[in-house]
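Q: Quick one: the structure is below, questions incoming.
None of the figures in this text is laboratory data; all of them are computed from the coordinates on show. In this text the structure is predicted, and so the values were computed from the model without any measurement. Cβ atoms come from the backbone with ideal geometry, glycine included; neighbour counts cover every protein chain shown.
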Amino acid sequence: MFAVIPNLSRQSAPEVTRSVCEGLRKLNAEFAMPEENKDVFSDICNLFYGEETLYKKAEVVIAIGGDGTIINCAKRASDEGKPILGINAGRVAFMAGLEPQELTLLDRLISGNYIVDKRMMLTASIVVDGKTENKVNCVNDVFVGRGTHVNMVRLTINCDNAKVSEYYSDGVIISTPTGSTAYSLSAGGPVIDPLIESILLTPVCPHSMFQRPMIFRSESTIEIIDNNEPGSVFAFFDGGQAVPLPENSKIIVEKSEKTADFIRIKSDTFVDILNTKLRSN
């Protein structure tokens with residue numbers, strides 16, 4: 001069974017979702033949608049489940065929206081060990097495996113004629129007074145900086161217990177190779193092939209011409225120490241809600257034991273996708 005999960009806040013999402021459902025029906029594929037979408041799609045879908053049940057029952061997750069939607073669905077799918085196919089109903093959507101005009105290729109999904117790219121994820125832990133208070137898995141990145149003010153922050157970065165530098169900047173981004181085309185790219189970070197496992201550190205507007213992005217091996221442990229007034233610095237996991245850092249806190253970032261398994265139906269290389277998406281942006 002396929003789980004079809006749309007983000008209906010996207011203008012084109014309802015139309016794209018209907019096209020996906022129609023394509024699956026023509027292929028005699030069983031699919032289900034979130035219970036919250038029942039009022040909108042009950043004419044084309046017969047099965048609706050709560051979110052937890054839907055991810056457990058599905059063999060493959062189809063996420064329809066932009067990169068944010070695909071990332072959120074990928075994390076939930078990862079928890080259940082399920083692969084995900086992203087379909088673009090947003091603007092750029094680097095993580096989308098298909099564009100709306102390519103839905104005729106859904107037959108390859110049914111026949112199993114596709115490749116699964118296992119993308120490295122990060123585990124970020126907020127540690128307060130030596131005790132782990134919060135642990136989050138990320139597909140793209142962890143950003144640490146101010147939440148609502150433009151003030152610069154002081155953050156000490158360690159790698160495997162060795163000091164890298166003290167950054168006086170707007171913040172720092174710790175990203176996966178997948179996340180190298182997201183916020184890190186906008187902040188001047190390099191683009192990394194998503195299948196090359198590594199951890200990327202990108203300072204945002206550092207107050208030093210000598211502090212530049214750095215790439216660490218995937219087995220590294222990155223430690224971010226907050227040297228600011230308590231409660232003035234926040235952590236953002238995959239661009240989500242701001243999490244304030246308590247006093248005497250630090251963030252530990254490591255390679256996750258889980259992977260985000262993205263379905264690749266087309267034969268496009270990473271360079272092909274990069275050139276196409278950057279040109280259209």
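Q: Check the straight Cα-Cα distances from Lys57 and name the aspartates and glutamates below 18 Å, setting aside those fewer than 8 residues away within the same chain.
A: Here the aspartates and glutamates satisfying the reach criterion relative to Lys57 are Glu30, Glu35, Glu36, Asp79, Glu80, Asp261.
Q: For the range 197-239, which chymotrypsin sites (Phe, Trp or Tyr not before Pro) pass both filters: DSSP loop (anything but H, G, I, E, B) and at most 13 other C-beta atoms within 10 Å?
A: Phe210
Q: I would also like to ask the following. Given a 10 angstrom Cα cut-off, can you work out which residue in Met214, Met95, Met33 is the most mobile in a GNM of the chain?
A: So, out of Met214, Met95, Met33, the one fluctuating most is Met214.
Q: Counting other C-beta atoms within 10 Å, and keeping those with at most 15, which DSSP coil GluC sites (Glu not before Pro) do you find in the range 1-72?
A: Within the range 1-72, the qualifying GluC sites (Glu not before Pro) (loop, at most 15 other Cβ atoms within 10 Å) are Glu30, Glu59.
Q: May I pose another question? Using θ = phi - 60° and the Karplus relation 6.51 cos²θ - 1.76 cosθ + 1.60, list the HN-Hα couplings for the range 128-145 in order, rounded to whole Hz, with x at every Gly or Pro.
A: Listing the rounded values in order: 10, 6, x, 10, 6, 9, 8, 9, 9, 8, 10, 8, 9, 6, 10, 10, 10, x Hz.
Q: Would you tally the net charge around Cys205, using a Cβ to Cβ cut-off of less than 15 Å, leaving Cys205 out, and scoring K and R as +1, D and E as -1?
A: Neighbour charge sum, excluding Cys205 itself: +2.
Q: For Lys250, give me every one of the lysines with a C-alpha distance below 26 angstrom, ignoring sequence neighbours fewer than eight places off in its own chain.
A: Candidates past the 8-residue exclusion: Lys75, Lys131, Lys135, Lys163, Lys258.
Q: Under 10 Å, Cα contacts only: if you run a Gaussian network model on the chain, which one of Leu155, Leu103, Leu245 comes out with the highest mean-square fluctuation?
A: The residue with the greatest mean-square fluctuation here is Leu103.
Q: Can you tell me, using C-alpha contacts under 8 Å and at least 6 residues apart, the relative contact order of the range 194-233 as a whole percent?
A: Relative contact order comes out at 38 percent.
Q: Something else now. Between the alpha-carbon centers of the range 222-256 and the range 148-175, tell me the distance in whole angstrom.
A: 10 Å
Q: Which GluC sites (Glu not before Pro) in the range 243-275 pass both tests, a DSSP loop state and at most 15 other beta-carbon atoms within 10 Å?
A: Glu247
Q: A follow-up question, please. Which angle from 0 to 90°, rounded to the nearest 10, does the C-alpha axis of helix 67-79 make with the longest principal axis of the chain?
A: With both axes taken from Cα atoms, the answer is about 90 degrees.
Q: Scan around Val204 for amide H atoms under 5 Å from its own, H built in the peptide plane at 1.01 Å from N, and keep only partners 5 or more places away or cross-chain.
A: Asp170, Gly171, Val172, Ile173
Q: For Leu47, which sequence-distant residues (separation of 5 or more, or a different chain) have an amide H within less than 5 Å of its own amide H, given hydrogens modelled in the peptide plane?
A: Counting only residues 5 or more places away or on other chains, the set is Met33.
Q: For the chain, what value does the Rg/Rh ratio take when both radii are computed over Cα atoms and Rh is the Kirkwood radius, given to two decimals? The partial results should precede the final answer.
A: Working: Rg = 19.9 Å, Rh = 19.8 Å.
Rg divided by Rh gives 1.00.
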